[in-house]
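Taking it in order: structure first as structure tokens, then the write-up.
What follows is calculated from the coordinates using simple rules that are stated; it is not laboratory data. Everything quoted here is computed from the prediction, not taken from an experiment. Neighbour counts run over all protein chains shown; Cβ positions are idealised from the backbone, glycine included.
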Amino acid sequence: EELTIIRKFEHIEHCLKRQVEAHVTNQFENIHFVHTSLPEIDKDEIDLSVEFLGRKFDYPIMIAGMTGGTRGSQLAGKINKTLAKAAQELNIPMGVGSQRAMIRKPETWESYYVRDVAPDIFLVGNLGAPQFAETMPDRYGIEEALKAVETIQADALAIHMNPLQESVQPEGDTQYRGVLKALAELKSEFPYPIIAKETGAGVSMEVAIKLESIGIDAIDVGGLGGTSWSGVEYYRAKDERSRNLALKFWDWGIPTAISVVEVRYATDLPIIATGGMRDGIQIAKALALGANLAGVALPLLKPAVKGDVEAVIKILQRYIDELRNAMFLVGARNVEELRKVPLVITGFAREWLEQRVDLAEFLRVSRRK
Ligand code: FNR
């Protein structure tokens, strides 16, 4: 138990102090809007609100789950409460980090609890997929899932899929057999929405189709191009062999923009585009490709550690300004209209997608779902 908690603390330390992002991009540079000289809208009338899992948010941005339960859980509590205050202020959704520590050590629950400062936000709990695996000792089931959501009065549960990170750490949970079946069982009796969430390697269309078939409510594609969990494990590695493995897989995965297209093409599920989202133009492109929200983690960590709510809001406000400006320049009054503007896909993204989807059909119709 202690190990889980220390590990989470080390993750935060490395994310704060080291270069943990992918060396490759999330491919949004290969997604292009076509500039509109006559937008035929007023910039002031642009409406950024969106609906997601039955709730309405003022902006299509989510604060992605990062922490909870870490050593000296004041730090985790401070991070979560700071993020939650910003989310409350902006009326946007937020996730907490893995609640595994809380399941093991219930006394850490307060580090995930934010309802005192954010009574109204759409809050998402978080557990790991391997904990539900067939061969996992003390595997999780509905009891743990309910505990995760209800202890912190969350509105939904994210189940994170992180085989990449687990595979490059010596103590990793590499049992993944039977996870899909376990999630199907959980879904059939669980009263809250479940979001299946990658953590930096992206979701393929094949996996998305499976998740949709068992009734999962939404997918966070958590694509390649932002925080690399293999990168984080590289810094944690204790010997050359582990360091080598983590380094080799630092940039493994499906870039975020490509993953959004795969999932939107193959399913009707709501999509959260997370992974290296670092400005509002990228967010606009993700929404235009058919995502419902864009998720941000790493850029918000530093101000959150300092407890600086205003600094968190300032970063998000910059994204919002850029998003609104991009929408003006393509003449989109709202997110629905943004889905219908023309897009051009070039380079690596085009080469990949031409082998995976009917790109012309996608650009014409599929992304409008
Ligand atoms: C994360 N992320 C994460 N995801 C998850 O499902 N459970 C977790 O416990 C954590 N923990 C965590 C800690 C820290 C410090 C960071 C930066 C991130 C992953 C996160 O939600 C997101 O998917 C990725 O970080 C990609 O987004 P960015 O960081 O590129 O914006």
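Things worth noting here:
- Overall, the anisotropy analysis places segment 11-119 in the oblate class: the square-rooted eigenvalues a ≥ b ≥ c of its C-alpha gyration tensor yield a/c not less than 1.5, with a/b not exceeding b/c.
- Beta bridges by DSSP in the chain, antiparallel share as percent, to the nearest 5: 20 percent
- For the chain, the Kirkwood radius over C-alpha pairs fed into Stokes-Einstein at 37 °C and 0.692 mPa s yields D = 160 µm² per second.
- Each of Thr82, Thr256 was scored by other Cβ atoms within 10 Å of its Cβ. Listed from fewest to most, they are Thr82, Thr256.
- Length-normalised contact order of the chain in % [C-alpha pairs under 8 Å, at least 6 apart]: 23 percent
- Rounded to the nearest 10 degrees, the inclination of helix 309-329 to the longest alpha-carbon principal axis of the chain is 30 degrees.
- Order of Asp220, Asp173, Asp120, Asp47 - criterion: other Cβ atoms within 10 Å of each residue's Cβ, fewest first: Asp120, Asp47, Asp173, Asp220
- Zero-based 10 Å bins, Cα pair distances in segment 229-331, whole percents: 14, 32, 32, 19, 3, 0
- Note on Glu13 and Glu134: with the Förster distance fixed at 41 Å, the Cβ-Cβ geometry gives a FRET efficiency of about 0.75.
- Whole-Hz couplings from phi, Karplus 6.51/-1.76/1.60, listed for segment 21-31; x for Gly and Pro: 8, 4, 8, 10, 8, 7, 6, 5, 5, 9, 9
- Phi-based couplings in Hz for segment 260-272 (Karplus 6.51, -1.76, 1.60; Gly and Pro marked x): 4, 5, 4, 5, 5, 5, 9, 9, 9, 5, x, 10, 9
- In terms of its alpha-carbon gyration tensor, segment 158-308 comes out oblate; a/c meets the 1.5 threshold, while b/c is at least as large as a/b.
- Rounded, prolate or oblate (a/c below 1.5 giving rounded, otherwise prolate when a/b exceeds b/c) for segment 271-330 by Cα gyration tensor: oblate
- Count Lys and Arg as plus one, Asp and Glu as minus one, and take only other residues whose Cβ is under 13 Å from that of Thr25; the net charge is then -2.
- Across segment 62-68, computed HN-Hα scalar couplings (Karplus, 6.51 cos²θ - 1.76 cosθ + 1.60, θ = phi - 60°) run 10, 7, 6, x, 10, 8, x Hz from first to last residue, x flagging Gly and Pro.
- Tilt relative to the chain, helix 179-189 - C-alpha long axis, 0 to 90 degrees, to 10: 80 degrees
- Close amide-amide hydrogen proximity is noted between Lys369 and no other residue 5 or more places distant or on a separate chain, at a cut-off under 5 Å (H modeled in the peptide plane; Pro and chain starts excluded).
- Fewest-first ordering of Glu107, Glu89, Glu144 by other beta carbons within 10 Å of each residue's beta carbon gives Glu107, Glu89, Glu144.
- Put simply, the amide H of Phe52, placed in the peptide plane, has neighbours under 5 Å in Phe57, leaving out anything fewer than 5 places away on its chain.
- Interchain or long-range residues, amide H under 5 Å from Gly295's placed H: Met62, Ala273, Thr274, Gly275
- Given charges at Cβ of Lys, Arg, Asp, Glu: the chain dipole, positive-most of His23, Gly215, Val357: His23
- About its Cα centre, the chain has a charge dipole of approximately 560 debye under the convention of +1 per Lys or Arg Cβ and -1 per Asp or Glu Cβ, with nothing else charged.
- Using the Cβ of Ala145 as centre and a radius below 11 Å, the other residues enclosed give a net charge of -3, where K and R count +1 and D and E count -1.
- Neighbourhood net charge (13 Å Cβ-Cβ; Lys/Arg +1, Asp/Glu -1) for Asn80: +3
- As a length-normalised measure over Cα pairs under 8 Å and 6 or more apart, the relative contact order of segment 174-314 settles at 22 percent.
- The chain, helix-only ellipticity at 222 nm - DSSP H runs n ≥ 4, -39,500 (n - 2.57), divided by all residues, nearest 500: -12500 deg cm²/dmol
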